[in-house]
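What follows is calculated from the coordinates using simple rules that are stated; it is not laboratory data. Note that this is a predicted model, so its numbers are computed, not measured. Here Cβ is always computed from backbone atoms with ideal geometry, including for glycine, and neighbour counts include all displayed protein chains.
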Amino acid sequence: MTRSPRRVSWALRLSVVTLALLLTVRADKPWHQGVLVGMEVGPTGAQFAGGRHAGDYARHFNGREIVRRCAEANAEYLVLWVRDGDFTFHDSKLVPRPAGLAGRDVLREAVDEARRHRLPLIAYCQLQYPAHELREHPDWKARSADGQPINHLVCFNSPYTNVVKELLAELATYGIEGFHLDMVDQGFGPPHGCWCDRCQTLFQARYNRPLPTGIDWEDDGWALMRRFRYDTSDGFEKMLTAHVRRLNPRATVDFNYHGNPPFSWEVGQTPVAHAANGDFVTGEAGLWGFGALSASFNAAWYRAATPGKPFQVAVQRGVRMYHDQTTRPLHDMRWELFTLLAHGAFVTMIDKTAYDGGLDPVAYERIGTLLGEARGKRAHFGQVPVAEVGICFSVATRDGYGRDQPAPYFQSVQGAHKACVYEHLGFGFLFDENLSLAALQQYPVVCLAHTAILSDREIALLREYVEAGGRLLVTGQSGQLDARGKLLGHPPLTELIGARVREHLEGLDYWMRFAGAPIPGTGTTGFADHAEGDAAGRNAQRQQDVQLARASLRVGPPDWPFLVRGPATCYEPTTALPIGELLDSHRAALANPDAYNRDWPLSAREVIGPAVLLNHVGRGLVLTLAGSPDFATAGEHHIVEARRLFAQAVRFLHPNPRVRITAPANVEAVVTDDASTRTLRIHLMAYNATPQTTPAKDRPYVLPGLIEDAPIYRVRAVFRDPVKKASALNPGTALKRRGRTLDATLTDVHEVLVVRY
Ligand SMILES: [Zn+2]
């Protein structure tokens with residue numbers, strides 16, 4: 001049949017349009033470049049019920065409806081739950097679908113609808129806990145050291161990897177834009193694997209020795225076993241990434257990441273190596289599992305672990321946990337979302353549907369408002385953060401010192417972060433895995449937060465950093481242990497600190513005092529005496545240091561000892577100037593110190609060494625705190641003065657920041673710089689939680705309340721350089737500027753002060 005010229009012309013036009021569209025799509029940047037907010041939607045009940053669900057499970061879990069509602073709710077992409085432990089929600093030859101779907105293909109529904117909305121669709125695929133496969137292939141289970149199968153964990157060295165590849169190949173035929181692969185963990189606690197025959201053989205072949213017979217921190221083989229564990233997860237992720245690249249070079253792949261605290265070696269990840277796999281890293285934040293500070297901690301961590309790449313943080317709409325069928329108030333979600341966006345993340349809001357797959361209209365209404373506001377403020381996100389303090393994290397310390405109980409080490413790092421947030425100091429993270437001089441030099445101040453284990457390479461880099469003018473802040477017992485966690489005779493930080501370790505102190509009950517008068521017979525100095533002692537003119541620089549330190553470090557009345565609960569060191573200065581006193585507690589005088597309540601600190605007793613050491617090295621300065629105000633700040637016995645000491649030590653080392661912010665402790669500030677438009681932005685996020693009543697269980701561990709109301713509060717920002725113009729996004733914000741000082745009264749959970757310089 002011959003076509004009429006008119007029809008040919010239309011057909012031609014259509015194909016030209018199609019071709020143009022295709023070319024546009026091809027030339028487009030990948031979906032994750034430049035996005036701010038999206039959603040992940042999955043059915044409540046997945047992972048539970050052991051695959052034996054009621055007939056109405058996921059009956060209304062409808063891809064078409066989910067896409068439509070997410071698009072309406074201002075999502076810029078959708079991660080659709082497709083494969084979990086027991087079921088999948090696409091037409092698969094490998095994994096069954098829940099009976100409630102009655103043969104529907106949810107992924108097909110979603111793909112078709114997403115195309116209409118031009119909404120990038122990413123398939124969620126669970127990797128760990130493949131209950132269906134483990135029922136069919138029990139020999140794929142991970143095994144603990146005693147040879148017993150670990151029923152919920154799969155061995156990533158087993159043929160399971162082939163099934164995952166086949167499954168991803170099935171999903172790729174749907175034309176999705178990416179794969180979100182969840183949980184490459186090797187367990188979040190005991191029992192630990194994997195001692196299966198396959199792993200035994202691989203280990204023997206790689207290291208020419210058998211697997212250690214169990215967890216033994218004294219055994220060199222155990223260090224190799226951890227390496228083997230990290231490499232297993234890394235290899236598994238790299239293999240899947242390469243597989244996805246072959247299936248569809250344009251599709252993205254990302255893994256849910258567990259290289260950050262509270263996760264440790266048992267999960268099988270290290271901070272940098274495992275964050276690098278795939279196109280971008282994805283992590284989770286949330287009060288439900290990690291506390292309110294996890295938002296800013298995790299975002300800054302992911303940024304540092306994957307420099308220059310976008311990073312995704314997943315949060316959820318439920319009050320307590322993903323599947324709990326509750327919805328947070330809007331302000332509660334706003335505080336978390338804008339904290340993450342201010343730190344440069346793109347954020348995925350997770351919704352778990354009703355058991356039957358239905359969508360909660362109020363949740364979608366709130367999420368729509370939330371994501372819409374974020375998109376409206378798009379121009380204010382993605383700039384370069386202005387950071388003052390680089391907080392070091394050491395995987396060698398996590399493993400060699402933290403061992404089976406890494407939480408005390410994490411507490412120092414998390415406390416340094418908490419102090420920075422409460423005191424409005426810009427911060428970032430540095431990792432031993434990829435430490436370089438350039439990384440250190442991003443920060444005017446670098447903090448070793450009780451970094452117990454430091455390699456020769458790190459010491460050399462730190463020395464280079466300080467000699468070139470860097471400022472180093474050392475806390476706790478940094479650098480005092482070897483790679484296996486044993487005490488070093490001559491710790492390699494001695495020369496940088498300018499003091500010898502006289503005693504690596506046990507226990508945590510230590511106090512500090514910055515006396516107004518000399519303490520006779522202590523060998524240490526208060527504030528007052530040293531200035532006078534040096535008045536003879538021994539060293540003008542030292543005198544100046546003492547005066548500055550006197551002004552900078554005092555956090556309470558002179559002669560008042562204050563608790564700085566955490567690991568401490570008794571130092572003997574060599575080249576450093578000692579300031580203030582470190583005191584032990586009355587516990588030290590008890591016949592049986594362990595018998596006295598270990599959880600509660602005991603009162604100050606006597607001076608055992610200096611509190612602070614100042615040491616000039618090259619053009620730089622090292623300030624060592626003989627205790628751990630960082631650890632204290634994250635602990636249950638946090639006194640404000642301990643935190644102030646940390647902040648004032650930073651301010652002493654870096655007295656002229658670009659912006660100095662004064663705001664309430666519950667307000668986080670994130671300053672970013674856009675050099676091309678000469679614009680500083682000060683993001684302010686107010687955490688305004690409501691009070692709680694006695695918990696029904698696990699008293700006294702009270703969960704935080706929800707943020708229901710916007711607060712009203714004042715902020716002062718003092719700029720180092722001249723300011724041309726300052727404005728605020730919110731019309732309700734009152735601004736007053738005098739020269740380089742900006743005073744603002746704010747009335748919202750999130751605000752951005754935009755300052756042209
Ligand atoms: Zn194995």
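Results, tabulated for the structure shown:
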quantity: Gyration tensor (alpha-carbon) shape descriptor, segment 112-270, a/c threshold 1.5; calculated: prolate
quantity: Estimated distance in nm for a label pair at LEU590 and ARG756, the labels positioned 7 Å out from Cα along Cα-to-Cβ; calculated: 6.4
quantity: Difference of contour (0.36 nm per residue) and Cα-Cα distance, ALA102 to ASP674; calculated: 200.6 nm
quantity: Distance in nm between pseudo-label sites at HIS504 and MET183 (7 Å out along the Cβ direction from Cα); calculated: 3.8
quantity: Size of electric dipole in the chain: Cβ of Lys, Arg +1 and of Asp, Glu -1, about Cα centre, debye, nearest 20; calculated: 2900
quantity: Charge sum, other residues only, whose C-beta stays under 11 Å from HIS180's C-beta, Lys/Arg counted +1 and Asp/Glu -1; calculated: -4
quantity: Cβ crowding within 10 Å averaged over residues, with 467-476, 139-148 ranked highest first; calculated: 467-476, 139-148
quantity: Using a Förster distance of 56 Å, the FRET efficiency for GLN547-ASP324 (Cβ separation, nearest 0.05); calculated: 0.50
quantity: Lys/Arg +1, Asp/Glu -1 at C-beta; segment 37-381 dipole; positive extreme among HIS60, ALA73, THR241; calculated: ALA73
quantity: Dimensionless Rg/Rh of segment 688-738 - Kirkwood Rh, Rg from C-alpha atoms; calculated: 1.25
quantity: Loop trypsin sites (Lys or Arg not before Pro), segment 553-647, which have at most 11 other Cβ atoms in a 10 Å radius of their Cβ (DSSP); calculated: ARG619
quantity: For the chain, convex hull of alpha carbons as volume per residue, Å³; calculated: 197
quantity: Reachable lysines from LYS736, criterion Cα separation under 17 angstrom, eight or more residues apart if same chain; calculated: LYS724, LYS725
quantity: Extreme residue, positive dipole direction of the chain, given options GLY620, LEU553, GLY507 (C-beta unit charges); calculated: GLY620
quantity: Highest-first arrangement of 167-173, 622-628, where packing means the average Cβ count within 10 Å; calculated: 622-628, 167-173
quantity: Relative packing of peptides 491-497, 160-166 - highest average C-beta neighbours within 10 Å first; calculated: 491-497, 160-166
quantity: Calculated from backbone phi, Karplus (6.51, -1.76, 1.60) coupling profile of segment 431-437 in Hz, x at Gly/Pro; calculated: 10, 4, 4, 9, 5, 8, 4
quantity: Qualifying GluC sites (Glu not before Pro) for segment 205-289 [loop in DSSP, other Cβ within 10 Å: at most 13]; calculated: GLU218
quantity: Expected 222 nm ellipticity per residue - DSSP helices of 4 or more, -39500 (n - 2.57), all of the chain, to 500; calculated: -9000 deg cm²/dmol
quantity: For THR88, residues with placed amide H under 5 Å, excluding near neighbours; calculated: ARG97
quantity: All lysines inside 21 Å of LYS93 as judged from Cα atoms, apart from same-chain residues fewer than 8 positions distant; calculated: LYS165
quantity: Farthest positive-ward along the chain dipole, Cα basis, beta-carbon charges - from TRP195, LEU729, VAL667; calculated: LEU729
quantity: Approximate spin-label separation ARG738-GLU136, in nm, with each point projected 7 Å along Cα-to-Cβ; calculated: 7.5
quantity: Total formal charge among the other residues, if their Cβ is under 13 angstrom from that of ALA647, Lys/Arg +1 and Asp/Glu -1; calculated: +2
quantity: Charge sum, other residues only, whose C-beta stays under 12 Å from ASN730's C-beta, Lys/Arg counted +1 and Asp/Glu -1; calculated: -2
quantity: For segment 484-491, Karplus couplings with θ = phi - 60° (6.51, -1.76, 1.60), whole Hz, Gly/Pro x; calculated: 9, x, 9, 4, 8, x, 10, x
quantity: Segment 396-465 shape via C-alpha gyration tensor axes, a/c threshold 1.5; calculated: oblate
quantity: Student exercise, segment 660-756 dipole from Lys, Arg, Asp, Glu Cβ charges, in Debye to nearest 20; calculated: 640
quantity: Anisotropy class of segment 613-757 from Cα gyration tensor, a/c 1.5 cut; calculated: oblate
quantity: FRET E, pair ASP56, LYS725, Förster distance 60 Å, beta-carbon r, rounded to 0.05; calculated: 0.50
quantity: Directionally averaged projected area (convex hull, Cα atoms, segment 198-246), nm²; calculated: 3.7
quantity: Amide H within-cut-off set for ILE608, under 5 Å, with H built and near neighbours excluded; calculated: LEU582, LEU583, ASP584
quantity: Paramagnetic reach from THR369 (point 7 Å along Cα→Cβ, amide N under 18 Å) across segment 289-330; calculated: 316-319, 326-330
